[in-house]
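Have a look at the structure below before the remarks.
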Amino acid sequence: MRNSRLLLRSGLTLAAAAALPTWLAGPSAALSGISVSTTGTTVSVVTSACTQSGGSWGSASLLNSGQTAFAQGRQAALAGTTVSQSAAWSGVSPGTYTVVVVCSNGGTAGTQSVIVSGTAAAPTTPTTSSTTRSAAPSRGVMGGLGGAARDYGPLTLGIGAALVGSGVIATGWYLRKRSKPYRL
């Protein structure tokens, strides 16, 4: 009786510990199905979350820091295949932007922030000895819960949660084995 209670109690503790990473991720780790990149003043987005409906994959919108609605941003139609759809904006001025992708069925494929730093010109040697200062980033570092550089998909998060959970279970099993008295 005592052993079954102890086993039940340790099993519940291990289950709660295994679920903790998923709970901590919560809604802030909303699974984003898009990947955004910048090259100079060009911003591009790639997704595989949309399906074609009525001859359209959907559209993407590039929102600056003062815009909050999808319709306010620079919109571009998604083009591609069933494997991958993409959109791009060129001539984007430096700043922080948010890219939102809405599929043709009305569902949002994802949202991601991006910083455009300007032209990717080759470095030149100054002819005069003047010192120039570059402007500091307006919003600082885009930190977050594990996705500061990239948003990971559901498969990656699931594998990570499974590894953490199995580590917690293995630790519990090991400690349980060590706590048993030695029998002669």
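The values are calculated or read from the model by the stated rules, or taken from the named source; none is laboratory data. The shown structure was predicted, so the numbers you read here are calculated from the model rather than taken from an experiment. Note that each Cβ is placed from the backbone with ideal geometry, even for glycine, and that neighbours are counted across all protein chains shown. Side chains are part of the model used for accessible areas, which takes the heavy atoms of the whole protein and leaves out ligands, DNA and RNA. Shrake-Rupley method; radii C 1.70, N 1.55, O 1.52, S 1.80 Å.
At a glance:
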item: FRET E, pair GLN72, THR42, Förster distance 25 Å, beta-carbon r, rounded to 0.05; result: 0.75
item: Inter-probe distance in nm under a simple model that places probes 7 Å from Cα toward Cβ, at SER56 and SER179; result: 6.0 nm
item: Rounded accessible area of TRP173 (nearest 10 Å², 1.4 Å probe); result: 150 Å²
item: In Å², nearest 10: area of SER48 left accessible to a 1.4 Å probe; result: 80 Å²
item: For the range 37-97: span of alpha carbons on each principal axis (Å, largest first); result: 33, 25, 15
